[in-house]
Amino acid sequence: MRRLTRATDGIYFNEHLDEDGAAVFKHACLLGLEGIVSKRRDFPYRSGRSKSWLKIKNPASPSMLRVQDGTWW
């Protein structure tokens, strides 16, 4: 994982992982990360929202806890 040069604290870019999504997500949660972003291998990159890209959030991350307790708004 490497820190993006112009990104604010907490944003990291990880090289492509071609592994079992459930295992990657489990390890991301164990590391305390907010979640993972996954893409269907057979779909090309397209900007914007798409069903071929999914963000799976760690339910125990601070950002999700703020949503759950209403302090995010």
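Every number in this text was worked out from the coordinates using simple rules, so none of it is lab data. Quick caveat: nothing in here was measured; it's all calculated off a predicted structure. Quick reminder, even Gly has a Cβ in these numbers, built from the backbone with ideal geometry, and neighbours come from all protein chains shown.
Within the shell of other residues whose beta carbon sits under 12 angstrom from the beta carbon of Asn58, the net charge comes to +2, with Lys and Arg scored +1 and Asp and Glu -1.
Extension gain, Ser50-Asp20: 0.36 nm per intervening residue step, less the Cα-Cα distance, totals 8.7 nm.
With a cut-off of 15 Å between beta carbons, the residues surrounding Val37 carry a summed charge of +4, where Lys and Arg count +1 and Asp and Glu -1. A straight chain from Ser61 to Ser38 at 0.36 nm per residue would run longer than the Cα-Cα distance by 6.5 nm. Each of Ile36, Ile56 has some number of other Cβ atoms within 10 Å of its Cβ, and from fewest to most they run Ile56, Ile36. Compute the signed sum of charges (Lys and Arg +1, Asp and Glu -1) over the other residues within less than 12 Å, Cβ to Cβ, of Leu17. My count for the surroundings of Leu17 gives -2.
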